[in-house]
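Enquirer: Can you keep this structure in mind? I'll have questions shortly.
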Amino acid sequence: MTSDRLSTTFAALADPTRRAILASLLLGECSVGELAEPFAMSMPAVSKHLRVLERAGLIAQRRDAQWRRCRIKAGPLKEVSDWTERYRKVWEERLDRLDEYIQQLKAKERKAHGRKQHRK
């Protein structure tokens, strides 16, 4: 199976634990222990999540003495944002057209009801 960068990023973001880790990193660089603290899981499980995020290019890890420190990397998130932005524009245009159509139908309905009321 061929894997492109966007697919790898979406796969990494699919897990709520990994999204929570990224949210923690938005506040700044953290140690692995600090990242693991809110989760009821083993350190090896947290490390596995961090490896997935690192392979996707979403985080970078560095050694600081005996500590591993992590920081968020924005590149892949920018690619996701750019990709979704194209679709947002398409859906906004479609929804705007649908709204115009609904307004036309409502105007016709009001006009039709207005004529019926005058006949009474």
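Enquirer: For the range 72-89, indicate whether the set of residues that are in contact with a strand residue (DSSP E or B) (Cβ under 9 Å, 6 or more places away or on another chain), at pLDDT below 95 and exposed (fewer than 13 other Cβ atoms within 10 Å of the Cβ) is non-empty.
Expert: The answer is no, given that none of the residues of the range 72-89 is in contact with a strand residue (DSSP E or B) (Cβ under 9 Å, 6 or more places away or on another chain), at pLDDT below 95 and exposed (fewer than 13 other Cβ atoms within 10 Å of the Cβ).
Enquirer: Going by what's in this entry, would E54 be described as charged (D, E, K, R) and modelled with pLDDT of 95 or more?
Expert: Considered against the rule, which asks whether it is charged (D, E, K, R) and modelled with pLDDT of 95 or more, E54 comes out as yes.
Enquirer: So if I check each of A56, A65, A60, which one is among the small types (G, A, S) and surrounded by fewer than 10 Cβ atoms within 10 Å (Cβ to Cβ)?
Expert: Going through A56, A65, A60 in turn, the sole match is A65.
Enquirer: Within the range 15-65, which helices (runs of 4 or more DSSP H) (wholly inside it) include 2 or more residues that are out of contact with any Leu (no Cβ under 9 Å at 6 or more places or on another chain) and either over 17 Å from L77 (Cα atoms) or acidic (D, E) (or both)?
Expert: Fully inside the range 15-65 and qualifying: 32-36, 43-55.
The values are calculated or read from the model by the stated rules, or taken from the named source; none is laboratory data. Everything numeric here is computed off the predicted structure, so don't read it as measured data. Virtual Cβ from ideal backbone geometry, glycine too; neighbours counted across all protein chains shown.
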